[in-house]
Structure formats: structure tokens, C-alpha cells
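Chemist: Just dropping this structure here.
Here, each number is a calculation from the coordinates, and none is a lab measurement. Just so it is clear, the model here is predicted, and its values are computed rather than measured. Neighbour counts are summed over all protein chains in view; Cβ atoms, including those assigned to glycine, are modelled from backbone coordinates with ideal geometry.
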Amino acid sequence: MTKTATLQQALTRFLDPAGLDRHRQRVCTHLLACRTEVMGGMVLQCSDCAHVQPHYFGCRDRHCPQCQGRAIEQWAERQQANILPVRYYHVVFTLPHSLNGWVQLHPEVIHRLLFQSAWHTLRMFGRDPKRLDGQMGMIAVLHTWGQNLSQHVHLHCLVPGGALSDDGNWREARSNYLFPVRALSRHFRGHMVSALRKVATAGDLHRVTWPGDVDEQLNTLMTTEWVVYSKDCLEHTPAVVRYLARYTRQIAISNARILTVDDHQVILRYKDYRDRERHKPLILDGKEFVRRFLLHVLPKGLMRVRHYGFLANRCRRQRLVQIRRALAVVEPAPDADMAASEAEPTYTCPHCRQPSLQMIGILSPQRPSCGPPPNHQEQRYRT
């Protein structure tokens, strides 16, 4: 079994389109068509050894484990270019599992409130005159799964350790946890529950139909300890950036983690954090594997990565210049490697191992027998 066929094989064997909403059906159609003749492609020939082979296009769907590799690398390089010479913190805001049902019923609402509550919490602590008394910045990446594909909704946040004051000075955070974690957790919980109560009153949680469920759930949430993790990453900030980058355009499962697919089950590898992070096999019934995978298909248009504060897109360039000036550091020059990474890809010949494959023809897409047409994103290769 080839590595690139494992998820496609599992979907082919166990996917039942009946009962799926239109968006999930379309995502599955893209994944099944990815890098097959359905997508069309190019005919490549090696200029050294004359080897000829087809190259099929990817589906470019953000849920596909085979696509987005170059986009992930480019995103990481852009974030590395914006790294400041300060201490950074890795902060994680986690939703209680009791909200998982609401996440499936109203994913747009719950995810939006999660982002808003996490940023509101950090912004208020940063603006506190007794703490940093300034504007903070944050990069937040939504992550919805655990190692066993269960639903585990949380935000990974990369936070520069300090704030830009109103007078243009940089106020540095000096602790190894940014702010007291218990205080962060209580504030995050209070803001999130209050926001949920407001949207419920406005009728935005209309799919929650069980009588009294909203009030009972919110009252229970206020008596539950919420999990917030915060730790400095002074020595390994680039590694955290690369860690976040992996989840900007991929989801749930990579082909490398799927060990076996047969007629009845799927065996995948997972990391058991409760047992010293040992890698173990997990056996799932085929339909259960597909069900868990589809839990993490995000609604169309939902932004998984968001920037806040002085890292927001509208003001990032100006604010970073101000901060570097306050820190008395030189503005970095444009990175030539980043420009090179955005150039057209080269293709290595599998026969002679040289990057000498060149296009000599095109392969037209073949429409599948059923379902919507593939999301063809590679028209630039066509003549």
C-alpha cells in the first residue's frame, strides 16, 4: 500500500455519502479525486534520462493530507520573518468537552466565540496597568482534534512576551508563564459563557432544542475548571512556529499515521500523552474512522488562522517597525530564500534522481461518474 493512497482507500471502502451534508460530500469528493486522473495533470519527461511519467494535480482542499505542503512552508517562513527578538509564549485555550455537541450543531458560532474570548482575555490582561499596560499581539490557530481523532477543540496561540505602550515603548513580560494561568482560565471561562448566553438569547443557538439545555449547560460550565496552558518558548520559538504551521492547512490525520486499511478496520499510530508520549497503534472500525475524520471538516469560509493586536494584518508592518525601533534592533532585510520558495516547483526524476523533469504535455481532467466536479486549482499549467 502506498503512503499517498491510505486515506483515499479508507474513504473509498467505508464512506457512506448518505446522511452527509453537501459540504462534507464535496470535501470527500475532493479528497478521493486528489492526485488522480480525475484532476488532470501533466506529462513530464526527464531531460537527462528521457524517463516519462504523469503528474496529477492535487485537489488543494484544506482538509487534504496530500496537499498544501508548500503553502505550509511559506506560511512558516512569513511568520519567521516577523519574529521579534523577545521572549515568546505558547498559550493554549481549550473548550470543555461538554461543548462538543454545540460545536457540531453551531460550528461557526462556537469557533467565532472561542477566538474572540481567547483574544479578549489576553488583551484585557495586557492592557491592565498593573501588568503590561499596552497592546499585545497574538497568532491563533484552531485545532479541533486529539491524537485519536476525537473532538478536542482548542486554540494554539503564539504570543510575543510584551506589549506596545501608547507612548511607543516596549514593555517586556518577565515571567515564564506570561500571566497567572488560573486567572487566565477564570477570565476566559467567564467571557466565553457570557458570550454563549448572549447568542443563545439572540436565537443564534436555535439547533439546541432540548428544553432547558442552554441554561443547564451554561450553569454547569461556570462550575467547571477550564484548561489554559501557558509556557515560554524562548529557546525554541522557531519550532513552535513550525508546529503551528502544520495545522494552518491540514486537518486531523496525515497519511504517515495510517498504518493499515483492510476490509473492516483502520489501524493508525497515535501518541499517548498519558504514557510518556509513547507511540501506540489504535484500531478503529472503518465507519468509526470515517466518522471521526469528518468531525473535523470545518465550515466553508471559516478562517482557521487569525492575527490580533499589533500582529493584525491591517497594522502589523507599522507596529513591528515601532517595536523594533523601541528595542533598538535593525529591521531585517528581505529573505531571498522566501522569494525562492515561492517560485514554480521543480520535479525530481524518480529514475535518475535529478531535478530535470519537464512538461511535454497535459492530461485533461476526467469528470467522476457522480458527485460535483473537482475543485480544479491548477489551470496555470494548461496551455
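Chemist: Given the DSSP H assignment, sum -39500 (n - 2.57) over each helix run of at least 4 residues in the chain and divide by its residue total; what's the result at 222 nm in deg cm²/dmol, nearest 500?
Modeler: Theoretical 222 nm ellipticity from helices: -10500 deg cm²/dmol.
Chemist: Using bins 5 angstrom wide from zero, how does P(r) for the stretch 258-323 break down, in % of all Cα pairs?
Modeler: Per 5 Å bin, starting at 0, the Cα pair percentages come out as 4, 13, 13, 11, 11, 11, 10, 9, 10, 6, 3, 1.
Chemist: Quote the charge dipole size of the chain about the Cα centre in Debye, to the nearest 20; the model charges only the Cβ of Lys and Arg (+1) and of Asp and Glu (-1).
Modeler: So the dipole magnitude of the chain works out to roughly 460 debye.
Chemist: Looking only at Cα atoms, what is the convex hull volume of the stretch 159-206 per residue, in Å³?
Modeler: 117
Chemist: So, one more: How far is helix 237-246 tilted off the main Cα axis of the chain, in degrees rounded to 10, range 0 to 90?
Modeler: For 237-246 against the chain, the angle is about 50 degrees.
Chemist: Would you list His90, His30 from fewest to most Cβ contacts within 10 Å?
Modeler: Ascending Cβ contact count within 10 Å gives the list His90, His30.
Chemist: Defining a contact as two alpha carbons under 8 Å apart and six or more residues distant in sequence, what relative contact order in percent does the stretch 112-209 show?
Modeler: 26
Chemist: I would also like to ask the following. Only Cα pairs within less than 10 Å get springs; with that Gaussian network setup on the chain, which residue of Leu44, Leu31, Leu196 has the largest fluctuation?
Modeler: It is Leu44.
Chemist: If you don't mind, another one. Compute the projected area of the convex hull of the Cα atoms of the stretch 18-109, averaged over all viewing directions, and report it in nm² to one decimal place.
Modeler: Dividing the Cα hull surface by four gives the mean projection, 11.4 nm².
Chemist: Evaluate the relative contact order of the chain (contact order divided by residue number), counting alpha-carbon pairs under 8 angstrom at least 6 apart; express in whole percent.
Modeler: Averaging sequence separation for qualifying contacts and normalising by length gives 28 percent for the chain.
Chemist: I've got another one for you. Give, to the nearest whole percent, the P(r) tail of the chain beyond 31 angstrom, counting all Cα pairs.
Modeler: Cα-Cα pairs in the chain separated by more than 31 Å: 47 percent.
Chemist: To the nearest 10 degrees, how steeply does helix 69-81 sit against the main Cα axis of the chain, on a 0 to 90 scale?
Modeler: 30
Chemist: A further question follows. So if I take the centroid of the Cα atoms in the stretch 38-102 and the same for the stretch 188-265, what is the distance between those two points in Å?
Modeler: 22
Chemist: Same structure again: Among His154, Ala173, Ser230, flag the residue with its Cα farthest along the positive direction of the charge dipole of the chain, charges on Cβ as +1 for Lys/Arg and -1 for Asp/Glu.
Modeler: With unit charges placed on the Cβ atoms, the residue in question is Ala173.
Chemist: To the nearest 10 degrees, how steep is helix 213-222 against the longest Cα principal axis of the chain, on a 0 to 90 scale?
Modeler: The answer is roughly 60 degrees.
Chemist: If you take all C-alpha pairs in the stretch 1-72, what percent of them are over 16 Å apart?
Modeler: Taking all Cα-Cα pairs of the stretch 1-72, the fraction more than 16 Å apart is 58 percent.
Chemist: While we're looking at this one, here's another question. Could you check the spin-label model distance between Thr220 and Arg182? Points 7 Å from the Cα along Cα→Cβ, value in nm.
Modeler: Modelled inter-label distance: 2.6 nm.
Chemist: Over the stretch 206-315, calculate the relative contact order: mean separation of alpha carbon pairs under 8 Å at least 6 apart, over the residue count, as a percent.
Modeler: Averaging sequence separation for qualifying contacts and normalising by length gives 15 percent for the stretch 206-315.
Chemist: Identify which of Gly309, Gly134, Gly203 has the largest mean-square fluctuation in a Gaussian network model of the chain, with springs joining Cα atoms closer than 10 Å.
Modeler: The residue that fluctuates most here is Gly203.
Chemist: Separate question: Only Cα pairs within less than 10 Å get springs; with that Gaussian network setup on the chain, which residue of Asp262, Asp16, Asp275 has the largest fluctuation?
Modeler: Result for the chain, Cα springs under 10 Å: Asp275 fluctuates most.
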